[in-house]
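Below you'll find the structure, written out as structure tokens, and then a few comments.
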């Protein structure tokens, strides 16, 4: 949520420059207060669930305010077409992240389908592996098969998938031999 808030602040700065003559004052974003509230939780070793829930609510409020400011700047005459492709894409992703986080906050849940965990790479999904040290991994998951010493890519997905059905269908005679 902090990264989403920072992206919206950058967008507000750019859009305000376009309509500076029409609006007497730049919209308030409470950057310093929002950053302090984020750092207060982020720097804690083990924050309680209650404090994390409260911090998420605060960050949701800041992002909601910023998205409202962006809409009002566009209504005042600012054009989103002057944003770079990267910033426009980030605005769309931030809007989706806000909706997902708001839903999880209201339901007091920690999971949602197709959850976005990175604004710059919204296609990346967390994969829970349960390993010591790094219980969650990020990146693509591969399914490969080895036939007569040749390796074939069966499936490549950024979403987590269950590989067992593919393993059951494989014949035992298709074992990969290691070169000696």
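If I compute semi-axes √(5λ) of the Cα gyration tensor in Å from the structure I just sent, which labelled value in [x] 44, 22, 13; [y] 27, 18, 17; [z] 21, 18, 17 lines up?
Read-out from the structure maps to [x].
How far is helix 85-107 tilted, in degrees, relative to the longest principal axis of the Cα atoms in the chain, given as a value from 0 to 90 rounded to the nearest 10?
So the inclination is approximately 80 degrees.
Most mobile of 58, 96, 17 per a Gaussian network model of the chain (Cα springs, under 10 Å)?
17
Given a 10 angstrom Cα cut-off, can you work out which residue in 59, 107, 99 is the most mobile in a GNM of the chain?
107
Compute the long axis of helix 49-75 from its Cα atoms, compare it with the longest principal axis of the Cα atoms of the chain, and write down the angle in degrees, 0 to 90, nearest 10.
The answer is roughly 60 degrees.
Since every read-out is calculated from the coordinates, none of them should be taken as a lab result. Just so we're clear, the structure is a prediction, and the values are computed from it rather than from any experiment.
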